[in-house]
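Inspection log for the structure reproduced underneath, given as structure tokens.
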Amino acid sequence: MRDNGRVSLYRDDGIVLRTQKLGEADRIVTVLTRRNGRVRAVGKGVRRTKSRFGARLEPFTHVDLLLYTGRSLDVITQAETVRAYGEPLAVDYPRYTSGTAMLETAERFTPIEKEPLIRQFLLLVGGLRALGEGAHDPRLVLDAYLLRTLAVAGYAPALDECAVCGTPDSVSPEGRPPAPLSRGTTPGAPGPRDRWLGGDTPSARPASPADAPQGLLSPMTVRTTGERIAERFVTAIALGQFVPGQRLPTERELAAMLSVSRATVREAIARLAEAGYVTVRRGRSGGTFVTDGWGPDSDEMIRRTLGGEWHEVELLLDFRQVIEQQIARTAAVRRTGTDVKAIQAALADYERAGADRDSSRMADLALHRAIADATHNPHLTSLSLSIRHDISFGFEAEPYSPEVRGRALHQHPVLAQAVIDGNPGQAAALAAEHFSLTESMLRELHARVMLRAGTPPGTPQE
Ligand SMILES: [Zn+2]
């Protein structure tokens, strides 16, 4: 027994992240556990060939463990395999490297030992399972995993300014801003430039845009933030997120929506006014109004927005399809009488909104929110809202046209009814169809500006 005569035993399950040799026959095993966060523990004698459980303590393996608390490291006394996620990966190099990146990421994002981080654990299990099943491109699985992990850890991609110095648009010699992440970069915490996204450190920076990592967090453009925001506006106008005659949100609202400074918003508005897309009226009924849907430079501005970010847009569209189908399915199973009332009220509001762009947008948001709320899981609601935010380039408005509204008018009632009737399969299928409206508008606009520029869609843009 231990020196102090007391042994504290505990049981937990987790994914083995890493192993290191210790002495002659032992190993230190790093495990991301379900209840105890990241644990480093000693597996005694596990490197001996006759070890009872040595082979189970390999990276990627989901193990059920019995441990006792040691003075510095805990000690593993039993290990049972729950699932060996490594097996299907061992024979497939792209899947193996994506899996390795996930394990490294999980370790970096659980900086404090024994701090319970159930969401990180669940994300890792989900990611490894998806990799093992092989239904998706391993890079998509990895990107989706990274996106969620970063969000859970409090990071978000910084697309508008340097996350290190806060300067908008710091241009590196290769023409790429240096830091892809913002928020949560506390000393000692995993840094923004860690190598898990393909050697993206200052010294290993890709030499040309063609070699650039295509991950979710790769920096995008070299223009000033105000310029980029102006380009996003023009794209949003082309997608009907704003229509001629409409008053834009206030400078303060836009700054909050787009997570940029008010000065940046002002710069963007000035550019738009100069190019004739908006007019600024002073006085009580003043504001910034959209005047024109399509200026001489529209194509170029849209191409910069969509072309440079198209890979991200594709990932986001795919992510949204997966999530929204799951939300509709879950809502159909869990909806209560209160949910049904909220869904019906939002449905009626959407029909009443008529051609009024803003009322229509608010009612659409309320309807999809009511469906997400019917899952009774706030994580799903906030995920749905954050994807909506991202897919609209931060403007909080779905792409819109009278034709899209016409189709939504037919789709909303049947989607709502499938949820209300408790028909999960149908609800998921209808959600997939409905959310493809936004997708087809984005795809169509992208294809149009690419073709007009003589660039087939799919050619990398910079
Ligand atoms: Zn809708």
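The values are calculated or read from the model by the stated rules, or taken from the named source; none is laboratory data. Please read these numbers as outputs of a predicted model, since none were measured by experiment. Reconstructed Cβ throughout: ideal geometry from the backbone, glycine too, with neighbour counts over all protein chains shown.
Values for this structure:
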{"read-out": "Residue in segment 283-291 that is within 16 Å of the ligand (Cβ to nearest atom), at pLDDT below 90, over 30 Å from Val141 (Cα atoms) and not aliphatic (A, V, I, L, M) present", "value": "no"}
{"read-out": "Residue match in segment 258-280 (condition: touching a residue at least 24 places away in the same chain (Cβ under 8 Å), of a type in the set (D, E, K, R) and under 21 Å from Met441 (Cα atoms))", "value": "no"}
{"read-out": "One residue from Thr49, Thr77, Thr69, Thr19 being within 31 Å of the chain's Cα centre (by Cα) and either at pLDDT below 90 or surrounded by 15 or more Cβ atoms within 10 Å (Cβ to Cβ) (or both)", "value": "Thr19"}
{"read-out": "Those residues of segment 378-388 which are crowded, with 16+ Cβ neighbours inside 10 Å and either away from the ligand (no atom under 14 Å from the Cβ) or not in a helix (DSSP H, G or I) (or both), in sequence order", "value": "Leu380, Thr381, Leu383"}
{"read-out": "Test: Asp358 is buried (at least 19 other Cβ atoms within 10 Å of the Cβ), in contact (Cβ under 8 Å) with a residue 24 or more places away in the chain and outside the structural domain of Ala255 (by TED's automatic domain parsing)", "value": "no"}
{"read-out": "Those residues of segment 398-444 which are more than 22 Å from Asp349 (Cα to Cα) and surrounded by 18 or more Cβ atoms within 10 Å (Cβ to Cβ), in sequence order", "value": "Pro424, Gln426, Ala428, Glu439, Met441, Leu442"}
{"read-out": "Conditions (1) buried (at least 22 other Cβ atoms within 10 Å of the Cβ); (2) within 13 Å of the ligand (Cβ to nearest atom); (3) not small (Gly, Ala, Ser): number failed by Val449", "value": "(2)"}
{"read-out": "Any chance Gly86 is among the small types (Gly, Ala, Ser), surrounded by fewer than 22 Cβ atoms within 10 Å (Cβ to Cβ) and within 15 Å of Asp12 (Cβ to Cβ)", "value": "no"}
{"read-out": "Residue satisfying all of: in segment 244-257; in contact (Cβ under 8 Å) with a residue 24 or more places away in the chain and surrounded by fewer than 14 Cβ atoms within 10 Å (Cβ to Cβ); nearest to Pro399 (Cα to Cα) among these", "value": "Pro244"}
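Let's see how each residue does on (1) more than 11 Å from the ligand (Cβ to nearest atom); (2) assigned by TED's automatic domain parsing to the domain that holds Ala236; (3) within 22 Å of the chain's Cα centre (by Cα):
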site: Lys341; (1), (2), (3): yes, no, no
site: Ala345; (1), (2), (3): yes, no, no
site: Ala363; (1), (2), (3): no, no, no
site: Leu367; (1), (2), (3): no, no, no
site: His376; (1), (2), (3): yes, no, yes
site: Ala397; (1), (2), (3): yes, no, yes
